[in-house]
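As structure tokens, the structure follows; a few thoughts come after it.
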Amino acid sequence: MADLFVEGAPLRALIDTALVDAIPLRADEIAELCQRAATIPLEQAGWMALADGLDRLSETPTDDELTAALAAGVNEDLIEAALSHPGGPSAASNDLRRRASETHLPIAALDQKAAEAAGTTDLMRAVSAGCCLLLNPQTVLHDSPAVAVDMGAWIAPAGFDSGTAEATLMSATSSIGDDGTIILTGLGAALFALGLDYGSGEAQAMAGAMVAFAAHALSGKGLRKGDAAQLGLTSKRAQAKPGPTLAVLPLASDTLSVSGAETNGLAPMQALITQGGGAGDLAASARIAISRCAPQTLPRLLDALEDTGLFDGASPLSSDKLRARGFTTGAIEKVQNAVGEGLPLSAAFSRWVLGDDIISKDLKLSPEAYDTDGHALLSAIGVPRKDIEQAEDRLASHAERVAQDATQAAGLVLGASVAAQIAMAEIVATKLDTAPVLALQGASEADLAALLDSGITALVRPAAKQLDPSIGERLALLRAGLDAAADEPEDAAFEPFVPSSDPQSAARTRLPDRRKGYIQKSAVGGHKVYLHTGEFDDGSLGEIFIDMHKEGAAFRSLMNNFAISVSLGLQYGVPLEEYVDAFVFTRFEPAGEVTGNDRISKATSILDYIFRELAVSYLARDDLAEIGDISHDGLGRGAGDGTRDEQASEFSQEAAQIISRGFSRGQLPDNIVILDKRRPAEAGEDDTAIEAEADPEYSGEACPHCSSFTVRLEADGAPGVCDTCGRAATG
């Protein structure tokens, strides 16, 4: 545990930024502050969403990248602005993220007069809206050199260690001089290590005695008899001397993490497991407290902390359940060791812990897909998302829960009421020349009233905001659907298989690598729709793609995934007729007039338009087309109405090899001729005659009339008729 850190830094670099950045606020400005609090999260989320969209683009994006970004819902104007940015898309993304980080709600500082004028009801409304309030602010020498001292390090198993406390304070003084500031922190951890209930009178007396000892060591103030008795020392007379200012202020979070202090300022002990440590990292103050109050329970507690509880029978990731999904005993041990060392669940089930052999041979998965994401691996082997989340919660809370049960059994009390913290601040204030600052996370209206009555400087931050659980559940369901679609390979529509003759084992028909099809651009109700098709060798429909223009990302993604599901069905042998019967005349917006299609002029929905177009093109369902005048039911008059070229020839097998059946709607245009490899045999002809007709023998001499070398040889070898001019070569 560190007891001194950030030597010689200015005070503003160590303390909570709210003490420095707070802006004076009048009572009549609180309503405007609450309104601002409601819009800040939306602004931050908006900047980050825009930055995430630009992350899809490289410094010099290709057309494919731009197309993918548009398909993912990135706004066209945003892409244009990013491409015009002097630093390119990457710099534009960084600017947006910086804007998001700089967009924050100002901290409101209200002096005693302004706070009383506002009243506790308005103050409570501001805190509930997410505002941070600094009540009764005081002047702080922001630029004075400062260090912070952890009072929790002054407690040893035997009790208060005056030698360590004095040595720490003297070391701090030598590092900043007499004109600096020493910040005391970790008071709650020190009291907990001594086994004292933060809200008790004994704890308040001990806190006052420890601060009085620090004031005596730094400036020679007298140590009263009562304070000395609390510490197990003798009283000491005042011996005034120059020394640094002593303060009790909340520290910035990054400073607190560097120090290793277990509590901040005057705050009581809240957590027993150190942040960032392994599963068994019990806080030092908790070890000392248990060794003092119930030493026989400490070994059992440490053993219990080593077991994460992640793999026992009640866990969604129990050893038996993992074995059923392909994990071997060796693989489970690897994960257990990783979790025991403090790795999160996503890292413990990653490729770097399990190894390629386990993932590829035991789990039958591709190792490259799980470099760092163990969540994806668990999903791939069939673990539901809710079970993964439950396992993470269990892993995160297990050690803390076990430690809290042990400390409660030992008679130790965590936390304290706001009233107890106010009383503690009032006791400490009597021992200091500067007023302490009490930091609270959330407060009730009664707590705010007590703070105003006490006159204590208090930094009141809002409690963690609880989102509507129904919103979270709804988003989780939608996210699960998107994840399921993402699990399908990108080329799923391009890698199909043919239906098997065995009805119990279906397979997909593979589309050719170079395939035919067509693109139909239309607009339904003013919304552009691009329909792409792909065909098998015989010209039948094998896949579709649906692209929407300038639609929302969710709707466009649903249409893309719908197209993938239809493509898979077609490749598994589902007849196109089934899809047509299921989706034509479905009704939802966008709907209405269709432009850009010569056979369909109105549609009741996007799906109605798409499947009527496919039915007309691939199934010759002219009854679903609108031809000429539209009848009352929206259907055409069928075949024979003169709108289709009755002379066009039907599709042949040869034509299907080179022409899209869908594009030509099943008939060959009248200007297309398919040449056969050989002339069909007429009645009475044998194969020898056909061969002779197809490959005649020529004499090799020029025709005397046209000079062409196409003079046939007669059966007797004499020159015959010229194929070019048709005249006999003799005579």
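The values are calculated or read from the model by the stated rules, or taken from the named source; none is laboratory data. For clarity, every value in this text was computed on a predicted model and none was experimentally measured. Note that we place each Cβ from the backbone using ideal geometry, even for glycine, and neighbour counts take in every protein chain shown. The area values use the complete protein model at the heavy-atom level, side chains included, leaving out ligands, DNA and RNA. Shrake-Rupley method; radii C 1.70, N 1.55, O 1.52, S 1.80 Å.
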So which residues in region 157-177 are closer than 17 Å to Gly220 by Cβ and in contact (Cβ under 8 Å) with a residue 60 or more places away in the chain? Ser162, Ala172, Thr173, Gly177
Exception for Asp405 within (1) assigned to a helix (DSSP H, G or I); (2) open to solvent by 40 Å² or more (accessible area, probe 1.4 Å); (3) in contact (Cβ under 8 Å) with a residue 24 or more places away in the chain; (4) over 30 Å from Gly243 (Cβ atoms) falls at (3)
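I'd like to verify a number: residues in region 278-316 that are assigned to a helix (DSSP H, G or I) and either at pLDDT 85 or above or open to solvent by 60 Å² or more (accessible area, probe 1.4 Å) (or both), how many? Lay out the reasoning, then the answer.
Taking region 278-316 first, the residues assigned to a helix (DSSP H, G or I) are 284-293, 295-306.
Now drop any that are not either at pLDDT 85 or above or open to solvent by 60 Å² or more (accessible area, probe 1.4 Å) (or both), which leaves 284-293, 295-296, 299-300, 303, 306.
Count: 16.
For region 81-122, what are the residues that are among the small types (Gly, Ala, Ser), in contact with a Lys or Arg (Cβ under 9 Å, 6 or more places away or on another chain) and buried (at least 16 other Cβ atoms within 10 Å of the Cβ)? Steps first, answer last, please.
From region 81-122, those among the small types (Gly, Ala, Ser) are 81-82, 84, 87-88, 90-93, 100-101, 108-109, 114-115, 117-119; that's our starting set.
Subset that is in contact with a Lys or Arg (Cβ under 9 Å, 6 or more places away or on another chain): 114, 117-118.
Ala114, Ala118 - these are the residues of region 81-122 that are among the small types (Gly, Ala, Ser), in contact with a Lys or Arg (Cβ under 9 Å, 6 or more places away or on another chain) and buried (at least 16 other Cβ atoms within 10 Å of the Cβ).
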Restricting attention to region 221-239, does a residue exist that is surrounded by 19 or more Cβ atoms within 10 Å (Cβ to Cβ), part of a loop (DSSP other than H, G, I, E, B) and either free of Cβ contacts under 8 Å to residues at least 60 places away in the same chain or within 48 Å of the chain's Cα centre (by Cα) (or both)? yes
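Has region 519-542 got any residue that is modelled with pLDDT under 75, open to solvent by 20 Å² or more (accessible area, probe 1.4 Å), farther than 17 Å from Ile564 by Cα and more than 34 Å from the chain's Cα centre (by Cα)?
Residues of region 519-542 modelled with pLDDT under 75: none.
Among the residues of region 519-542, not one is modelled with pLDDT under 75, open to solvent by 20 Å² or more (accessible area, probe 1.4 Å), farther than 17 Å from Ile564 by Cα and more than 34 Å from the chain's Cα centre (by Cα), which makes the answer no.
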If Val147 satisfies all but one of (1) over 15 Å from Ser285 (Cα atoms); (2) surrounded by fewer than 22 Cβ atoms within 10 Å (Cβ to Cβ), what's the number of the condition it fails? (2)
Pairs returned, first residue in region 351-365 that is among the aliphatic types (A, V, I, L, M), second residue that is at pLDDT 85 or above and open to solvent by 20 Å² or more (accessible area, probe 1.4 Å), beta-carbon separation under 8 angstrom, 6 or more apart or interchain, are Val353/Lys334; Leu354/Lys334; Ile358/Thr328; Ile358/Gly330; Ile358/Lys334
Qualifying positions in region 549-590 - touching a strand residue (DSSP E or B) at 6+ places or on another chain (Cβ under 6 Å) and within 30 Å of Ala49 (Cα to Cα): His549, Arg556, Met559, Ala563, Pro590
In region 563-580, the residues that are within 16 Å of His532 (Cα to Cα) and surrounded by fewer than 16 Cβ atoms within 10 Å (Cβ to Cβ): Ser565
Residue hits (region 9-56; part of a loop (DSSP other than H, G, I, E, B) and either over 18 Å from the mean Cα position of the chain (by Cα) or among the hydroxyl-bearing types (Ser, Thr, Tyr) (or both)) are Asp16, Thr17, Ala22, Leu25, Arg26
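If I ask for residues that are out of contact with any Pro (no Cβ under 8 Å at 6 or more places or on another chain) and crowded, with 24+ Cβ neighbours inside 10 Å, which ones from region 260-275 would you list? Give the steps one after another, and end with the answer.
Residues of region 260-275 that are out of contact with any Pro (no Cβ under 8 Å at 6 or more places or on another chain), as a first pass: 260-263, 268-275.
Residues satisfying the conditions are Ala261, Glu262, Thr263, Met269, Leu272.
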